[in-house]
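Take a look at the structure below.
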């Protein structure tokens, strides 16, 4: 059973990619009033561009989702392709999606859907998206099933976090289990350590991502002699009181989401 059983939404504003789609078609469209009859078609943007970077909030989805888009150029992704992390606000589902495109018009989207609190994981059937706007303020998804979803970008997330911004003691309550981490300055070897009330131990490291407001994280979970390594990202709330970690293990057979509250 997944030991991180009750996932939470990402700190600051819930975090991540809301993809109900099996095959996906993404279009970025500009906001604003109507144009005149001589308006030109929007310029095509390279789909691997940082135009997608940031935090996106869904409208009209139940449950609601938020998206964190992390460009390949950030250096925070494993593998090193554009990645969207998706977390349902009710903590039920986590997506890790990878957009692998280079022709400037379309990209292949693949990934996994993790049902949090269980061992269930499913591959997302490869889909595609196109980016056809220069503003990147609205993201529209169309699925092969005919459903559509719209996301509004709430934050470009272009200001890097400080190395010491997450320093301190953190605790996440997961049902009857509590996970406690101690964090030292990002960039220090083994700056993450922790335990859980179920007997697991944690050790790992975080590093500052220079181009985006998040940390790259990797850590080992050791439970009853079984060790798994996870890699992912972490965000911190505007008042530095909440730290949210989303990650997958090496073969992407498990996805985890932890919402930590800062302790005195």
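Here are a few things to note about the model shown:
- Estimated translational diffusion coefficient (Stokes-Einstein, Kirkwood radius over Cα pairs, 37 °C, 0.692 mPa s) of segment 168-262: 244 µm² per second.
- Relative contact order (%) - segment 168-262, alpha-carbon pairs under 8 angstrom, separation at least six: 20 percent
Computed from the coordinates by the stated procedures, all read-outs in this text should not be read as laboratory data. Since we're looking at a predicted model, the values are computed, not measured.
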